[in-house]
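The values are calculated or read from the model by the stated rules, or taken from the named source; none is laboratory data. None of these values were measured; they are calculated from a predicted model. All Cβ positions, even for glycine, are placed from backbone atoms using ideal geometry, and neighbour counts span all protein chains on display.
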Amino acid sequence: MKRVAKTRKAAGGVPASWKKRPQKKSSIDSIIIGITVAAFGVTLLVVAVVLIFLKLESPFGSKKRLTADLMTTSEETGGFRWRGSSELSKALAKKDWVAAVRILEAEYRKHGTSADIRHDLGQAHLNAALEILGRDAKASALLKKASLHLQRAASLLVTDKRLSLRVAQAEASLGVREYETGLKSAGTARVERALRKAGTDPFVNYLRGYIYYLEGRYRKAEPYLKRAVFAKEADIRRAAQGMLSEIKTDLAEEKTFNVEETSRFVLKYQGPVRPDLASKVLSALERSEASVATIVGRAPQRKVVVILYTGASYKSAREIPDWSSASFDGRIRLSEGDINSSSFERTVRHEYTHAATFDYLGRSPPAWLDEGAAQCVAEGVSPPLERLRSEIGARWYSLSRLNGSFSRYSRADADRAYAISYAAVGYLIRRYGSGIVQSLLEEMKHSRSLDAALRIRTGLSLNDLDRETQRWVGFSGQ
């Protein structure tokens, strides 16, 4: 039965040469809350209409801009009440919220009892935070500035229910940003605080459910996502409904599964109790931890859920290409048929690497780095160049192309994509040492792009790495 497409980004499966079948990748590569402030001039005063744009990816794979009127403002004053100086009018006209905050803070010190100045200062701080979030900002310094603006806005707007809700929504958006940059505890705590203020607000509930969903904590996610289906915005409703549909399917499917749990793993599998089978899988996972930590820097900090399917149930339950049979989508999914194969240990190491990179970043890195690192853990840090040349053939895929799921490729193209990824990460490790993957992840954790992380840690651009990897492999095609 065809499954609803994933709404979160899932790391890939393993190479075709292992005869593995990965799950179709998710559609949410990440959830991005973009907030844009626009101003219009009307009559003698400034017209500022502030719209918050929430950019997210629907569970059906298409990215859309979702407009939420979270900051309804007056046509003539942009929501600002105080008739201040010409300097303030200029700042508002330019949407220079930092300047507006500076001017209004000075006025507030003089006229602290003025309700209008208090309101306007709170809204200026809120707008300054929204502007930062509107840049798709994930750098820690910018997120800290947004946090300070929101703290001030919350203290000033405490009696304004409408704007207090807007502050809570912005806080939740900031929390997801923090979570995505690897500050998972801090980000989750911020979303929780926003939820206490926002109550049943569908948007904030959606973000709380989304984090639980990413972590595979489906029963925790359900009540929040059920509130989100009442959102006015169609894309939020669709995303929440897609997640709920998948949760329902997975929970029904797993209701009769046996469960074996250790301090690091939760294994769920079909059929009668099989202590021998559970022991084999859990032992393979535990043996993988040291090799994963060598490349990624650490094993996952949260318990990893592993679903083991018996017979043909994995393939029948998943939308997958013909060339793979294991995957990671927040959970490791394996087929019992692979357990006695010579490739099983490699399969486990490969998928466990995806779990580790996801745990480290709070999201999956670009596919070539994720798959290349998984290959290095699974097969070794010295790629067999002759085999890779054979799999790559006469055509090279640039690393910039290998950002998303490999499940869209045919078997031959998937072999090529895995081989190029393995070669690129193998080259980096050979030249810069086994800690290079962790170094790149650490840079990305602080909100830098992979290209920027490469430049900082190696001095190479992505194109440079492409060329050097081709030379190292001995690629002579197009």
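Summary of values
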| item | result |
| --- | --- |
| Whichever residue in segment 427-453 is aliphatic (A, V, I, L, M) and touching an Asp or Glu at 6+ places or on another chain (Cβ under 8 Å) and, among such residues, is surrounded by the fewest Cβ atoms within 10 Å (Cβ to Cβ) | Ala452 |
| Test: residue in segment 376-393 that is within 22 Å of the chain's Cα centre (by Cα) and within 30 Å of Ala139 (Cα to Cα) | no |
| Complete set of residues in segment 342-358 that are surrounded by fewer than 20 Cβ atoms within 10 Å (Cβ to Cβ) and in contact (Cβ under 8 Å) with a residue 60 or more places away in the chain | Ser343, Phe344, Glu345 |
| Where Val425 falls short, out of the listed (1) in contact with a Pro (Cβ under 9 Å, 6 or more places away or on another chain); (2) touching a residue at least 60 places away in the same chain (Cβ under 8 Å); (3) part of a helix (DSSP H, G or I); (4) within 30 Å of Lys184 (Cα to Cα) | (2) |
| Which numbered condition Val204 fails, given (1) buried (at least 24 other Cβ atoms within 10 Å of the Cβ); (2) farther than 28 Å from Glu233 by Cα; (3) among the β-branched types (Val, Ile, Thr) | (2) |
| Residue match in segment 284-293 (condition: of a type in the set (Val, Ile, Thr), touching a helix residue (DSSP H, G or I) at 6+ places or on another chain (Cβ under 7 Å) and outside any loop (DSSP other than H, G, I, E, B)) | yes |
| Residues of segment 266-277 that turn out to be outside any helix (DSSP H, G or I), surrounded by 15 or more Cβ atoms within 10 Å (Cβ to Cβ), hydrophobic (A, V, I, L, M, F, W, C) and at pLDDT below 85, as a count | 0 |
| Out of Ser114, Ser173, sole residue that is crowded, with 18+ Cβ neighbours inside 10 Å and of a type in the set (Ser, Thr, Tyr) | Ser173 |
| Test for Val292: is it buried (at least 17 other Cβ atoms within 10 Å of the Cβ), among the β-branched types (Val, Ile, Thr) and either within 17 Å of Ala356 (Cα to Cα) or not assigned by TED's automatic domain parsing to the domain that holds Leu165 (or both) | yes |
| Residue list for segment 428-446, filter: in a helix (DSSP H, G or I) and in contact with a helix residue (DSSP H, G or I) (Cβ under 7 Å, 6 or more places away or on another chain) | Leu428, Ile429, Tyr432, Ile436, Val437, Gln438, Ser439, Leu440, Leu441, Glu443, Met444, Lys445 |
| So Leu142, is it outside the structural domain of Leu450 (by TED's automatic domain parsing) and either under 30 Å from Leu450 (Cβ atoms) or outside any helix (DSSP H, G or I) (or both) | yes |
| Cβ-Cβ under 6 Å pairs, at least 6 apart or on other chains, segment 383-397 side at positive phi, far side of a type in the set (Asp, Glu) | none |
| Helices (runs of 4 or more DSSP H) wholly inside segment 341-410 that include at least 3 residues being closer than 18 Å to Val306 by Cβ and not small (Gly, Ala, Ser) | 344-361 |
| Candidate set: segment 230-265, residues that are touching a residue at least 40 places away in the same chain (Cβ under 8 Å) and of a type in the set (Phe, Trp, Tyr); chosen: the one surrounded by the most Cβ atoms within 10 Å (Cβ to Cβ) | Phe265 |
| Sole exception among (1) among the β-branched types (Val, Ile, Thr); (2) assigned to a helix (DSSP H, G or I); (3) touching a Gly at 6+ places or on another chain (Cβ under 9 Å) for Val158, by number | (2) |
| Residue in segment 211-223 that is basic (Lys, Arg) and within 17 Å of the chain's Cα centre (by Cα) present | yes |
